[in-house]
Amino acid sequence: MTGRVAGILLAAGEGSRLGQPKALVELGGQTLAERGVAMLRDGGADPVVVVTGAVPISMAGVRTVDNPDWRSGMGSSLAAGLRALGDGRGVGSPADNCAAAVVALADQPLVGSEAVRRLIAAYRAGASVAVAAYDGKPRNPVLLAREHWDAVLELATGDTGARPFLRAHPELVTLVECGDTGSAYDVDTPEDLARVTGVATTRSEEKS
């Protein structure tokens, strides 16, 4: 399949269990929002939209979209991101140039750009819905072809995001194994952050 594949980073939450907004947490010299944007860009997504809510975020070269309903959960943030791409304003290209979108979460900083790259490759090979899997278990990111955005929007409520759509249409889903590229650990609590920081530090040391 052809056309540009955009990136949507969901970064609207207040991080109540963490004690601070997740998007502003620093890891390896970058905020989680910056890491998420870099992951999407390095993986080949363009343009990139960041959905904000609890705190404002300003980043060069990306469109930030405020979700006033962020307290209702991830579903409203996903809807805000898809609608932003749908209207085509301020993302550097006409709306019809975005043929698909990779949706990622700011609180999963160990997902690597290779996962995004593999999802886009699956899309180019014909998959209209591609989901990153880790040891066979579907997680994030998720790629959604434009033809499905309206159906996703109809079902995206509460804190479920694209999950209702994926469960309603399993025949559309292509699982893409990404367990060798990173992990989908969530940063929800201080303990989670400590664990993720430890893993990130170990990886950095192994590369150096």
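Of Arg163, Arg146, all but one fail to be among the basic types (Lys, Arg) and either in contact with a His (Cβ under 6 Å, 6 or more places away or on another chain) or over 17 Å from Gly86 (Cβ atoms) (or both); the exception is Arg163.
Among the residues of the stretch 142-193, those that are within 24 Å of Glu114 (Cα to Cα), aliphatic (A, V, I, L, M) and part of a helix (DSSP H, G or I) comprise Leu166, Leu172, Leu193.
Residue-wise test of (1) outside any strand (DSSP E or B); (2) of a type outside the set (Lys, Arg); (3) modelled with pLDDT under 95.
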site	(1), (2), (3)
Asp96	yes, yes, yes
Ala101	no, yes, no
Ala104	no, yes, no
Glu114	yes, yes, no
Leu119	yes, yes, no
Ala133	no, yes, no
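Listed conditions (1) within 21 Å of Arg41 (Cβ to Cβ); (2) part of a loop (DSSP other than H, G, I, E, B) are all met by Arg139, apart from (2). Scanning for something more than 16 Å from the chain's Cα centre (by Cα) and in a strand (DSSP E or B), does the stretch 31-39 turn up at least one residue? Within the stretch 31-39, not a single residue is more than 16 Å from the chain's Cα centre (by Cα) and in a strand (DSSP E or B). Out of contact with any Lys or Arg (no Cβ under 6 Å at 6 or more places or on another chain) and within 27 Å of Ser76 (Cβ to Cβ) - does that describe any residue in the stretch 198-208? Within the stretch 198-208, none of the residues are out of contact with any Lys or Arg (no Cβ under 6 Å at 6 or more places or on another chain) and within 27 Å of Ser76 (Cβ to Cβ).
The values are calculated or read from the model by the stated rules, or taken from the named source; none is laboratory data. Here the structure is a predicted model, which is why all the values come from computation and not from measurement. Don't worry about glycine lacking a Cβ; one is built from the backbone with ideal geometry, like all the others, and counts go over all protein chains shown.
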